[in-house]
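All of the numbers you see were taken from the coordinates with simple rules; none came from a lab. Quick caveat, the model's predicted, so the values are computed rather than measured. Cβ placement follows ideal geometry from the backbone for every residue including glycine, while neighbour counts extend to all protein chains displayed.
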Amino acid sequence: MRKLIVLCSCLIFIVLAGCSQPPKPSNKILLWHWMTDRNDTFQRLAQQYKQETGIEVIVQLFAPSDSYSQKIIAAAQANVLPDIYGILDKKSIVADFIKAGLVTDLTDAMDADAGSWKNSLFDRALADKRFEVGNIYGVKPGIYGVPIDVTNVQMLYNKKLLAKAGITTAPGTWEEFIKDAQALKRVGITPFVSGWGELWLADCFASNYAFNIMGEEKIFATFRGQVKYTDPDWIRVLSVFADLRDKGVLMDGIVTKGNKYAEQDFALERAAFAFNGSWCVNVYHDMNPGLDYGVIPPPPISTAYPLKIWGGAGSSFVVNAGSPNKDKAIAFLKWLTAKGQQVVLAQETNNLPSNKGALLAISPILKEFAGNMDTTTHPTIWPLNEDPLVIEAFDKGIQAIIIGEKTPQQVAQDVQVVKDRQMARGK
Amino acid sequence: MNTNRYVLWGMTKSTLIHVFLISVALTCLFPIFWMVRCAFMTNETVFVDQGIIPHHLNFGNFAIAWTQGNFAVYFLNSVVYTVCVVGGIVLVSSLAAFSFSRLKFPGKNIIFYMFVAAMMIPLPGSFVALFVMMNKLHLINTRFGYILCMINVGLSMSILLLKTFFDKMSRDLEDAARIDGCGKIGIWWNVALPLARPAIAVIVIFNSLNVWNEYILATLLLGDSQLMPLQRGLMVFQGANSTDYPVLMAGLTMAAIPIIVVYLFMQKHIVKGLSSGAVVG
Amino acid sequence: MNSKAKAAAIFKDNLQNFFFVLPAFAIFCTFYIYPFLNMIFLSFHEWRGIGPMHFIGLQNYQELMSDNLWWDSMGHAGYITLIALTFQNALAFALALACDREIRMKRFYRVVFFIPPVLSEVVVGLIWNWILNPEMQNGQHIGLLNHLLYTSGFPQLVHNWLGDPKTALTTIAIVNSWKGFGWGFIMLLAGLQTIDKQLYEAAKVDGASSWKIFTNVTMPMMMPVILVVVILTILGCMQVFVLILTMVNEGLVNHTDVPVLRILSAMTGTNRFGYACAEAVNFGVILVCISFMTKKLSDKAKQV
């Protein structure tokens, strides 16, 4: 027994004896990421960087992205964030990280040499982690992250399946789209599939048409609480989904379908239209290299305002402000977003580069995606965002409309109830 | 006539039972068959080929899974973690359960009910606190830290099961051992543990399964890929967007084999009488 | 022995006994108690995961009481548990009874029935998604279940199983039971095998029918094992969530929500750690109450 006591005390002593020392600058940079399909390319580029500069970049992968986010939050609390990492969350959370002193302000590095770094990258991509003057988060204006790729979400169409239904050109308006869908149904082809089991994708589709129907000012006014969700324009947005449901355009089970399965469906030619992001090119290529398809923005339903698709930075990295290797980390990110490396990344992983100069190297189908980059928007670049609980009610309401449980009017009322409650709480 | 009818009824009953068992068994075997079948295809054919046996057998996936997934390292890590955690749990929980069952000390019941209650309170929101504390103890990114954490995960159920088993232990054997000069540890080692073999077998199976299939805590608490367990290696095949199904299935098949082997070894101990009369909650 | 020496001896004895529990208790305190207390602490605050925490007292709990989505999710988990308690455990019991007598292939069945619990959720999700696929391509049903129903002469039963609010939860509950019956099977089989064969002989000599034997011999002897299986089923099924994620993603509107998913959604979807912790504490308290009631019921049944 005495031995046991002695053993326990020794153990406790050893454990407590380790004291934390402030990290010293070294020739090693630690990078945490979540992109499984790019891990190999990152490792190779890190090797190349070491040969060129002698600085070792340790690349560590943590997947899936939910686990990655958990790890980042936990590491932030324990103050052990790596030199380079990513924040996979809403802009308000990014703001929290900045205010907690965990993110380096990169504006100076971007503006150096007459803005050479800044100008080499797409402005839309930089906007993802950029905070404007007078932002509602109270963050000092500037650029806080480095985009390493861009994406956007658009509609895809299978040329072969469309031809089977006698359609020769992709639809340009909503009416044409519905007509095409009905022609497809007549020859037994399911018109449309998308991963609307993942709420954000359904939200994205709704948002595209919200911009088209009422314009961005009214949308932001709704977020501020100045316009109600029971407004006819919002009901029109929700009716888009009722219309799709009534005309039989949607694939069965679309409401519980994850994006992975929706991508399978389109790749295996089970549906003629899909709504997905530019990353899908990689997936389709793996599953069906012979797939003949094209890219179009969702066909507008109104001529009042332009339809805006979601797009911008796909993945971006931030630099830990508490890191002793800040400068080296920034230098590495600058190298990673330089034309040469961006070309490598684009070619090996079929993602759109964030460097404008690397556009020439991408495949034709990716070029079609890239063509619409200027009409993109994204929640992260809006002056304010809707409360998450309201968004959840809205997205779940879309699902309810699709399965025929509720009408657009009912959903609008439900969402407004949640909105009123959240506004009363002072959110 | 009566005998014939009785025999006929007996045969029908026997056939029906067989049909019942076989049909359920088929639904259980189906996933294994499906996994293996997928493992022999390519990403392009995996959803298209309708044949029971794939038209074109692709043998390369297993090799790809092994090398690309860095399988050897992750596999070894998983084996180490499973052995250490299960061994640790059996040791620690049997000591504790023995004390709860046979020995007395103040606060015994309170502590026991705390262990039992722990099974009922999920801790999804606790990972932040866990990480912060592990970091203070310098256990982040260490095998030791991960093993300790996983031991904790399996403690409650193991202690409950073992305590109910020890409760049923005959006092005579214990007294005999004491007369022979065994101390408390002696009784634990010589009498309690051998008698509890079926319960220990269940605990070994249950916890081996848990540790083998675990990846959430591994992703959280470990950093270097050299320390990662098998499931983490399989995650690599489930790309953020593009999943290489055949290679993933090959990997999953290889990952499922050891755990089935463990079950095969342990299950004959269970049947020797898990309840031996009664297992009381 | 004078009283002082006696007290010292008792103290030494207690300490020795406590040391048996010490390793388990030390690990438990470090890895469970501390995060648990932290969770309770957080439930009285509002926190986004990063940044300052705001103390808001019982506000999270007040909001919880009127949160319909939370109580609905509790009901859904309860429904899944109920199906498991009946269908899953009845199946496990029936299989165990069948295997108790079957000598041929018994070992084969014992291994095969344990395969579903061993499978990873990834495989289970993929397979069942394929089986339950409601779509058609080129005039043929893609999903195996619909295909079988259609070709075996039940076209009217073809259905969108996971996409219809009326059938989605039941479908999930059945898949959950399929995955879980293996555990009940081994435990019940083991229990059956330890019933003294002489009891059966005696009953048969007394002229009892198979049903009477079952109710008077088998069931009473199996009660303790059944109780353990019941409690473990309840605890396991109430906390189900990975299976639901792999089958219906973020859920069919709110019809397939379960408590753990609501907690995760509060944490990562709406960044409300404090509220998530309040939900978790509430969930834990309810589970403790259920377990307590189950034990009380079983004690009463034992007396009868």
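See the values below:
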read-out	value
Relative contact order for chain C, counting Cα pairs under 8 Å that sit 6 or more residues apart, in percent	30 percent
Kirkwood hydrodynamic radius of the stretch C:195-304, from inverse mean 1/r over distinct Cα pairs, in Å	17.5 Å
Binned Cα-Cα distances of the stretch A:25-176, short to long, each 5 Å bin given as a whole percent	2, 7, 13, 15, 17, 15, 9, 7, 6, 5, 3, 1, 0, 0
222 nm mean residue ellipticity, helices alone, for chain A (DSSP H n ≥ 4; -39,500 (n - 2.57); rounded to 500)	-15500 deg cm²/dmol
Span-like helix ranges in chain B, DSSP H, alpha carbon extent 15 angstrom or more, Kyte mean at least -1.0	B:2-39, B:71-102, B:108-118, B:143-167, B:197-212, B:245-271
Whole-angstrom Cα spans of the stretch A:348-427 along principal axes, big to small	50, 33, 22
Estimated 222 nm signal from helices in chain B, with DSSP H stretches of n ≥ 4 weighted -39500 (n - 2.57), rounded to 500	-23000 deg cm²/dmol
Chain C - Rg and Dmax from Cα coordinates, angstrom	25.0, 94
Mean shadow area of the stretch C:18-127 over all directions, Cα convex hull, nm²	13.5 nm²
Long-range HN-HN contacts of A:Phe122 with modeled amide H, under 5 Å	A:Lys356
Cα-based convex hull volume of the stretch B:160-228 per residue, rounded to whole Å³	122 Å³
Fewest-first ranking of C:Glu250, C:Glu279, using other Cβ atoms within 10 Å as the exposure measure	C:Glu250, C:Glu279
Part-to-part distance (alpha-carbon centres) for the stretch C:89-148 and the stretch A:349-387, which is given in Å	44 Å
Relative contact order of chain B, pairs being alpha-carbon contacts under 8 Å that are 6 or more residues apart, as %	31 percent
Other-chain or far-sequence residues with amide H under 5 Å of A:Ile309's (modelled H)	A:Thr377
Estimated vicinal HN-Hα couplings, Hz - the stretch C:226-233 in sequence order (Karplus 6.51, -1.76, 1.60; Gly, Pro = x)	4, 4, 4, 4, 4, 4, 5, 5
Cα centroid of the stretch A:140-209 to Cα centroid of the stretch A:44-108, whole Å	33 Å
Amide H partners (placed H, <5 Å) of A:Val193, local residues excluded	A:Phe273, A:Ala274, A:Phe275
Descending principal axes extents, the stretch B:128-173, alpha-carbon based, whole Å	48, 18, 12
Residue among A:Ile29, A:Ala170, A:Ala127 farthest towards the positive dipole end of chain A, charges placed on Cβ	A:Ile29
Whole-number percent relative contact order across chain A, with pairs defined as alpha carbons under 8 Å at least 6 apart	23 percent
Sequence-distant lysines (8 or more away, or on other chains) whose Cα lies within less than 18 Å of C:Lys204	C:Lys212
³J(HN,Hα) computed for each position of the stretch A:402-412 - Karplus, 6.51 cos²θ - 1.76 cosθ + 1.60, integer Hz, glycine/proline x	5, 8, x, 7, 9, 8, x, 5, 4, 4, 4
D_trans [Stokes-Einstein, Kirkwood Rh over alpha-carbon pairs] for the stretch A:283-415, 4 °C, 1.567 mPa s, µm² s⁻¹	69 µm²/s
Zone of A:Thr53's modelled label, taken as backbone nitrogen in the stretch A:71-108 under 14 Å from a point 7 Å along Cα→Cβ	A:83-84
Prolate/oblate/rounded call for the stretch C:147-250, Cα gyration tensor, a/c under 1.5 rounded	oblate
Within a Gaussian network of chain B (alpha carbon springs, distance under 10 Å), most fluctuating of B:Pro124, B:Pro31, B:Pro194	B:Pro124
Stokes-Einstein diffusion coefficient of the stretch B:1-160, Kirkwood radius over Cα pairs, 20 °C, 1.002 mPa s, in µm²/s	98 µm²/s
Rg ratio (alpha-carbon, reference 2.2 N^0.38 Å) - the stretch B:212-265	1.24
Residues A:Thr303, A:Thr376 arranged by fewest to most Cβ contacts within 10 Å	A:Thr303, A:Thr376
Compactness relative to 2.2 N^0.38 Å, alpha carbon Rg of the stretch C:159-202	1.95
Taking A:Lys328, A:Lys185 and counting other C-beta atoms within 10 Å, the order from fewest to most	A:Lys185, A:Lys328
Alpha-carbon centroids, the stretch A:268-305 and the stretch B:63-93: separation in whole Å	42 Å
Tilt relative to chain A, helix A:65-78 - C-alpha long axis, 0 to 90 degrees, to 10	40 degrees
Per residue Cα convex hull volume in Å³ - calculated over the protein assembly as shown	199 Å³
Where the Cα pairs of the stretch A:103-164 fall when distances are cut into 10 Å bins, in %	19, 39, 19, 11, 10, 3
Estimated D of chain B in µm² per second, where Rh is the Kirkwood radius over Cα pairs and Stokes-Einstein applies at 37 °C, 0.692 mPa s	147 µm²/s
Helical mean residue ellipticity (222 nm; -39500 (n - 2.57) per DSSP H run of 4+; nearest 500) of chain C	-21500 deg cm²/dmol
For q = 0.11, 0.17, 0.24 Å⁻¹, Debye-computed log10 I/I(0) when each Cα of the stretch A:228-314 counts as one equal scatterer	-0.41, -0.92, -1.34
Overall form of chain A per C-alpha gyration tensor (a/c, 1.5; a/b vs b/c)	prolate
